[in-house]
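Peer 1: My structure is below; once you've seen it, I'll send some questions.
The values are calculated or read from the model by the stated rules, or taken from the named source; none is laboratory data. A quick note: this is a predicted structure, and the numbers were derived from the prediction, not measured. Cβ coordinates were reconstructed from backbone atoms using ideal geometry, including for glycine residues, and neighbour counts include every protein chain displayed. Remember, those area values only see protein heavy atoms, side chains included, never the ligands or the DNA or RNA. Shrake-Rupley method; radii C 1.70, N 1.55, O 1.52, S 1.80 Å.
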Amino acid sequence: MWSKFDRNGGLFIAAALGFFFIGGLITTVEPPLLDKSWATPLAGLKDYATLAKSGDTGAQQIMQGRSIYVREGCWYCHTQQTRTIEADTIRSGWRDVRSPVSTPDEFVYDKPHMFGTRRVGPDLSRVGGKYDRQWHVTHFRDPRSLVPGSVMPPFPWIVNDPQELDALIAYVQSLGRAKEWRPAHDYEQ
Amino acid sequence: MSEAVMSTSGPPAAAEHEDRSSFAFIAIGALFFVVSGLVALIIAGKLQFPTLMGSVSWLTYGRMRPVHVNGMLFGWLLAADMGLCFYLVPRLCGVKLWSEKLGMATMWLWVVIVLGAVVTLLGGMNQGLEYAELPFVLDVLVTIAWVAFGLNIFMTVFTRKYQQMYVSVWYIMGAILWTAFVYITGNFAVMGTAGTSQANLNWFYVHNAVGLIFTPLGLGIAYYYIPKAAETPLYSHRLSMIGFWSLAFVYVWTGAHHMLHGPISQWLQTVAILFSVMLMIPVWTLVWNFLATMKGQWHQLRDNVPIKFMMAGTVFYLLTCFQGPMHSLRTVNAIVSKTDWIVGHAHMAVLGAFSFFAVGGAYYSIPRMLKTKLHSEKLANASFWLWLIGGLSFFVSLWIGGFLQGLQWNDPTIPFIDTVKFIQPYWAVRLIGGTLMFVGILFFAWNMLATYVNRSHAAAE
């Protein structure tokens with residue numbers, strides 16, 4: 001019966017697209033309809049894009065920092081997801097407190113998403129507040145002065161531009177802070 | 001079951017193939033292969049010497065990496081694949097390519113797209129989505145180019161002299177149809193979403209860019225050149241049908257396996273795992289078919305260069321497609337995900353399997369379309385061994401290094417930076433392997449160029 005498909009072009013096209021659309025629709029269109037949690041923001045999650053449009057300067061700075069993070073391809077080497085793997089929750093944790101795993105409701109406003117695929121450097125999903133401003137300034141100027149053995153490039157054109165530097169640091173400090181989980185006194189701003 | 005001999009064995013009634021656009025596409029592919037290979041060496045070097053060319057924004061790792069990835073995928077491999085399709089589809093249909101003019105126009109549009117991509121990516125115009133970095137304007141141009149390519153192929157198929165469509169033609173038609181939807185989803189629809197929904201569409205696209213663009217094009221090419229170059233009939237038409245239709249059904253479900261353990265629904269992860277394992281059906285039937293076609297012909301591996309490439313590509317394909325289902329399993333994924341194991345896997349698919357098929361096809365076709373002989377069989381053979389040895393040291397070093405680094409990540413008492421220092425020697429081996437492959441690329445490009453330049457001289461002999 002299959003031999004029909006290699007003689008009749010129209011039948012072939014219909015079958016090839018039919019097979020494709022079964023899986024295609026079930027795995028792309030249907031999941032967000034079925035799983036409302038993908039689009040339901042966590043209580044208190046800030047929509048920085050909307051806030052920035054309404055004139056919030058802090059949000060504008062974070063959005064600018066985010067665009068720098070996208071522009072420089074930081075996301076090729078840093079993931080932003082604490083996976084459902086025990087070691088991830090410890091590595092993303094703070095001192096002796098384990099980090100909660102990343103859930104879709106924390107990323108509802110992330111556009112483009114920055115989950116990433118490769119960890120040349122460490123995951124950044126909970127990095128916000130772990131290091132102070134001066135640490136980040138030094139680190140962006142010369143990563144190896146703080147982390148010997150690091151392979152991160154220096155970013156002099158950002159460090160030498162005060163506006164970009166402040167924006168990028170503001171963005172990094174905002175990461176992973178929607179969930180309240182760190183001990184009250186162990187938190188650097 | 002060797003009933004299906006390729007229909008080209010009959011005399012093609014009136015078809016005198018021009019092959020202009022076929023040649024031009026392979027030529028620009030070879031050129032971008034050299035350029036993307038050079039960028040690859042630079043970014044691999046940056047992992048050894050992080051300050052290498054590091055004070056200039058547009059030469060930094062994060063800007064050059066997408067140039068390398070997009071350059072290899074779209075500049076080299078897709079261009080070469082399109083060129084080979086323009087060669088083999090008319091021959092399988094017994095007619096000329098529908099429009100050489102349209103083919104040449106598509107090729108020039110492709111050059112514009114690739115140059116535009118280099119400028120925008122180095123300039124930091126990055127949309128932030130893997131494989132979909134290019135700005136909207138270039139996405140539109142890619143879509144136009146793809147429609148032009150598809151129109152040319154489909155019109156050639158619709159005007160064919162031979163009623164039965166050989167399996168290569170199915171794979172190529174399938175690739176054109178699926179790619180249209182995969183590309184639109186991954187570059188246009190994806191921009192209207194955010195967060196996990198966007199990641200899901202992004203991974204649907206990334207996975208199917210390999211699975212439903214490069215896989216069917218590469219396999220269609222291999223299905224043509226293996227029997228052609230070995231001058232032997234395909235083992236089984238029925239197996240090729242099982243392979244094709246199971247691929248058409250199974251591949252598209254698996255995108256979410258890139259997000260295992262991540263912030264995405266568990267049930268979708270499980271669906272992706274199930275279908276990833278099922279991928280072994282199309283892969284193993286195809287590999288069985290290729291290997292059985294070579295039965296009694298294995299002596300040709302000694303000095304038939306295109307066959308060497310095709311068979312090494314087949315083995316790489318089997319390996320990479322065995323890895324895929326294996327690291328979709330949750331326990332394995334917990335170790336290898338986000339490590340260089342995956343990078344080794346991805347390079348074996350694109351640079352191992354599919355580039356080997358494309359290069360083998362080019363070595364076979366270029367002399368025939370120019371009605372001459374290859375400039376140097378020796379140089380071609382040398383490029384094969386450089387790629388095989390360089391590729392294996394590249395892939396294997398990343399697997400070992402990546403797997404061990406993944407084990408170290410799962411022991412949180414080991415500081416992250418120690419795992420970076422640990423893997424650096426493996427990166428050095430990768431750089432050496434990559435350098436060997438780059439020399440192979442230079443040999444390949446030089447051989448193609450010399451064949452072209454000497455064509456009239458050699459034909460006169």
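Peer 1: Filter region B:361-395 down to the residues that are outside any helix (DSSP H, G or I) and in contact with a Pro (Cβ under 6 Å, 6 or more places away or on another chain), then identify the one that is nearest to B:W341 (Cα to Cα).
Peer 2: Residue satisfying both the conditions and the ranking: B:L374.
Peer 1: What is the residue count in region B:251-281 for residues that are more than 7 Å from chain A (Cβ to nearest Cβ), β-branched (V, I, T) and either buried (at least 24 other Cβ atoms within 10 Å of the Cβ) or closer than 15 Å to B:S337 by Cα (or both)?
Peer 2: Adding up the residues that qualify gives 2.
Peer 1: I'd like to know if region A:38-47 contains one or more residues that are out of contact with any Ser or Thr (no Cβ under 6 Å at 6 or more places or on another chain) and at the interface with chain B (Cβ under 8 Å from one of its Cβ atoms).
Peer 2: For region A:38-47, residues out of contact with any Ser or Thr (no Cβ under 6 Å at 6 or more places or on another chain) and at the interface with chain B (Cβ under 8 Å from one of its Cβ atoms): present.
Peer 1: Can we say B:L431 is closer than 27 Å to B:F32 by Cβ and within 14 Å of another protein chain (Cβ to nearest Cβ)?
Peer 2: Details: closer than 27 Å to B:F32 by Cβ: yes; within 14 Å of another protein chain (Cβ to nearest Cβ): yes.
In short, yes.
Peer 1: Taking region B:190-199, which residues are in a helix (DSSP H, G or I), open to solvent by 10 Å² or more (accessible area, probe 1.4 Å) and either closer than 21 Å to A:S102 by Cα or in contact (Cβ under 8 Å) with a residue 24 or more places away in the chain (or both)?
Peer 2: B:M191, B:S197
Peer 1: Can you pull out the residues in region B:130-154 that are open to solvent by 30 Å² or more (accessible area, probe 1.4 Å) and either away from every other protein chain (no Cβ under 14 Å) or touching a His at 6+ places or on another chain (Cβ under 8 Å) (or both)?
Peer 2: Passing the criteria: B:V137, B:V140, B:L141, B:T143, B:I144, B:V147.
Peer 1: Would region B:98-114 turn up any residue that is without any contact (Cβ under 8 Å) to a residue 60 or more places away in the chain, within 19 Å of the chain's Cα centre (by Cα) and open to solvent by less than 10 Å² (accessible area, probe 1.4 Å)?
Peer 2: yes
Peer 1: Still on this structure: So, of the residues in region A:11-51 that are among the polar types (S, T, N, Q) and under 21 Å from A:T103 (Cα atoms), which turns out to be most open to solvent (accessible area, probe 1.4 Å)?
Peer 2: Among residues in region A:11-51 that are among the polar types (S, T, N, Q) and under 21 Å from A:T103 (Cα atoms), the one most open to solvent (accessible area, probe 1.4 Å) is A:T40.
Peer 1: Quick one: in region A:80-91, of everything that is open to solvent by less than 10 Å² (accessible area, probe 1.4 Å) and over 12 Å from B:W409 (Cβ atoms), which residue is nearest to the other protein chains (Cβ to nearest Cβ)?
Peer 2: So, considering only residues that are open to solvent by less than 10 Å² (accessible area, probe 1.4 Å) and over 12 Å from B:W409 (Cβ atoms), the one nearest to the other protein chains (Cβ to nearest Cβ) is A:Q81.
Peer 1: Filter region A:143-157 down to the residues that are without any contact (Cβ under 8 Å) to a residue 24 or more places away in the chain and not hydrophobic (A, V, I, L, M, F, W, C), then identify the one that is farthest from the other protein chains (Cβ to nearest Cβ).
Peer 2: Ranking the candidates gives A:S145 first.
Peer 1: When B:K371 is evaluated against the numbered criteria (1) modelled with pLDDT of 95 or more; (2) on the phi > 0 side of the Ramachandran plot, which criterion, by number, is the only one it fails?
Peer 2: (1) is the only condition that B:K371 fails.
Peer 1: So how many residues does region B:335-373 have that are more than 17 Å from the chain's Cα centre (by Cα) and open to solvent by 20 Å² or more (accessible area, probe 1.4 Å)?
Peer 2: Matching residues across region B:335-373 total 8.
Peer 1: Just name the residue that is least open to solvent (accessible area, probe 1.4 Å) out of those in region B:40-96 that are of a type in the set (S, T, Y) and within 14 Å of chain A (Cβ to nearest Cβ).
Peer 2: Out of the qualifying residues, it is B:T60.
Peer 1: Here's a follow-up. With in a helix (DSSP H, G or I), crowded, with 18+ Cβ neighbours inside 10 Å and over 19 Å from the mean Cα position of the chain (by Cα) as the only criterion, which of B:V157, B:V119 stands out?
Peer 2: Within the list B:V157, B:V119, the selection yields B:V157.
Peer 1: Same structure again: If a residue must be more than 7 Å from chain B (Cβ to nearest Cβ), in a loop (DSSP other than H, G, I, E, B), open to solvent by 20 Å² or more (accessible area, probe 1.4 Å) and at negative phi, how many such residues does region A:92-113 contain?
Peer 2: 4
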